[in-house]
Amino acid sequence: MSMCPLRLIPKIFLFDEDELTPEVRAQRVLNKGRLPALTKYILDNPDGYVFSALTASVDGDMFFDSASETGPGMRTGQLRIPMDARFLINDGQHRRAAIEAALKENPTLGEETIAVVFFHDAGLERCQQMFADLNRHAVRPARSIGVLYDHRDEEAGLARLLSMRSTVFKGCVEMERSTLSARSRKLFTLSALYYGCHALLQGLDLKTDVATKLAQAFWEEVDHTIPEWRSVRNGSLSAPEIRRDYIHSHGIALHSLGRIGNSLLRESTSSTKWKKRLAPLAKVDWTRSNTDWEGRAIVGGRVSKSHQNLTLTVNYLRQHLGLPLSPEEQRVEDAYLRGDA
């Protein structure tokens, strides 16, 4: 393992050629859609970004000169690799590409270092096996715990704050998992609340304290139109019952309500006006047995949060509130009504 300056990463580490077929490559094709977010992360946090080590194979001779012949010094020293050797990244090609893009915008990052684990290249089969082994047990953490631990994202902080202070969400939010078990006593997940708040505040240029107060006021007003949420808090109904029989505590509902709220706030930040416009939500039938949800929020008896189902759910709520559909929403609605959805 070595600490390698970032300025050297793009120069010495290579990818397999994209045009090669999968069976003769040693890693997956680069997904360029991931690069802007990774690059922005580095550039926005030059003193605090964190990357795990790259893993690379070296097709060439390697020589290690240890610091001493005995004791702990035998494990530290200088690794010498001829520059005509071929370096191939087994794991970390997206990090490498993002580092290259970030260096173009901020060359001073070149003196930063990243850990690299070197293996001797024992051939294509070994490199492919390394890729399979490195990714065999990789598990992406639940989105909720990512929101819980993310202190860079202001909206993540807002969602955490609401989950602890808001009368609507306090004690009702699952902070770690992004799915709720059938017996969970929680009504919402932190990730669902996060996406609901993100949709609510998207495009609004507000200071953090103003955004927090506005989001809290919005969800409290929504709460007035959904008596089942209050019934869970006062103990007259259980959270498992509500989740089983209604869809208003599911992620698709919070996200849709957030988008509706965003439209109202863009029209007017006056609480008197947007609160009045939310009143018709009280007449929405949120029960799963409502056949209007089939094909919109429910597909085959299960709640679905695909992009299309989210849009159709938003459309349904817009119609109840007398709000116009955007051209894209109208296109999805027309396809649904034709039976193409």
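Evaluate the Kirkwood expression for the hydrodynamic radius of the stretch 284-341, namely the inverse of the mean inverse distance over all pairs of different C-alpha atoms, and round to one decimal in Å.
When all Cα pairs of the stretch 284-341 are included, the Kirkwood radius is 11.5 Å.
Considering the Cα trace of the stretch 2-136, what is its radius of gyration and what is Dmax, both in angstroms?
Just the Cα atoms of the stretch 2-136 yield Rg and Dmax of 15.9, 49 Å.
What dipole magnitude, in Debye to the nearest 20, does the chain give about its Cα centre under +1 on Lys/Arg Cβ and -1 on Asp/Glu Cβ? Could you put the intermediate results ahead of the total?
Values: 45 positive and 43 negative charges, 336 e Å.
Computed charge dipole of the chain: roughly 1620 debye.
Looking at the chain only, what percent of DSSP beta bridges run antiparallel? Nearest 5 please. Working shown, then result.
On the way: 16 of 26 bridges.
Approximately 60 percent, going by the DSSP bridge assignments.
Testing the spin-label approximation: label points 7 Å from Cα along Cα→Cβ at ARG244 and TYR149. State their distance in nm.
3.4
Using unit Cβ charges (K, R positive; D, E negative) and no other charged atoms, how large, in debye to the nearest 20, is the dipole of the stretch 43-106 about its Cα centre? Mind showing how you got there, number by number?
On the way: 6 positive and 10 negative charges, 14 e Å.
In debye, rounded to 20, the stretch 43-106 gives about 60.
Which net charge results for the neighbourhood of ALA182, defined as the other residues with beta-carbon distances under 10 angstrom from its beta-carbon, given Lys and Arg at +1 and Asp and Glu at -1?
Taking every other residue near ALA182 into account, the sum is +3.
Could you list log10 I(q)/I(0) for the stretch 143-338 at q = 0.08 Å⁻¹, which the Debye formula gives when each Cα is one point scatterer?
-0.24
If I take every Cα pair under 8 Å that is 6 or more residues apart in the chain, average their sequence separation and divide by the length, what percent do I get for the relative contact order?
That works out to 13 percent.
For the chain, what is the convex hull volume of the alpha-carbon atoms per residue, in Å³?
Values: hull volume 70.4 nm³, N = 341.
Once divided by residue count, the hull of the chain is 206 Å³.
On full extension of the chain, what length is gained from GLN129 through ARG165, given 0.36 nm per residue of separation minus the C-alpha to C-alpha distance?
On the way: separation 36, 0.36 × 36 = 12.96 nm, distance 4.93 nm.
My answer for the length gained is 8.0 nm.
Please report, largest first and rounded to whole Å, the three semi-axes of the ellipsoid equivalent to the stretch 72-164, where each semi-axis is the square root of five times an eigenvalue of the C-alpha gyration tensor.
On the way: eigenvalues 245, 84, 46 Å².
Computed over the stretch 72-164, the values are 35, 20, 15 Å.
FYI, it's all coordinate maths here, none of it is from the lab. Since this is a predicted model, take the numbers as computed values, not measurements. Neighbour counts run over all protein chains shown; Cβ positions are idealised from the backbone, glycine included.
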